[in-house]
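Reading through the structure tokens given below for one structure.
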Amino acid sequence: MGCPVIASSIPPCRESCGNAALFIEDPTSVDELRDRLLDLLSSSELGRDLSRKGLSKAREFSMARFSGSMLDLYSSINPSPS
């Protein structure tokens, strides 16, 4: 959608967001969330950069790519008979 992302620093979020998000080490910290929001509000360039990176990162997650990966996985588990 092109919105800058602030995410928890847990491994799944780090893996899926890559360099396209600002991260919060403690997801329960209101102060940390406030600081990341202030970072975005104080720098329109940061917001534009994260938006651009996020849209690029999102293209890595398509249904066609997912289904191709699943077919490859299934084929490796149960190859077709020769």
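I'd like the orientation of helix 44-58 relative to the chain: the angle between its Cα long axis and the longest Cα principal axis, in ° from 0 to 90, rounded to 10.
The two axes meet at around 10 degrees.
Who wins for biggest fluctuation among Ser51, Ser62, Ser16 in a Gaussian network model of the chain, springs between alpha carbons below 10 Å?
Of the options given, Ser62 has the highest mean-square fluctuation.
Quick check: the angle from helix 63-77's long axis to the longest principal axis of the chain, C-alpha only, nearest 10 degrees?
40 degrees
Quick note: the coordinates plus some simple rules give every number you see, no bench work behind them. Here the structure is a predicted model, which is why all the values come from computation and not from measurement.
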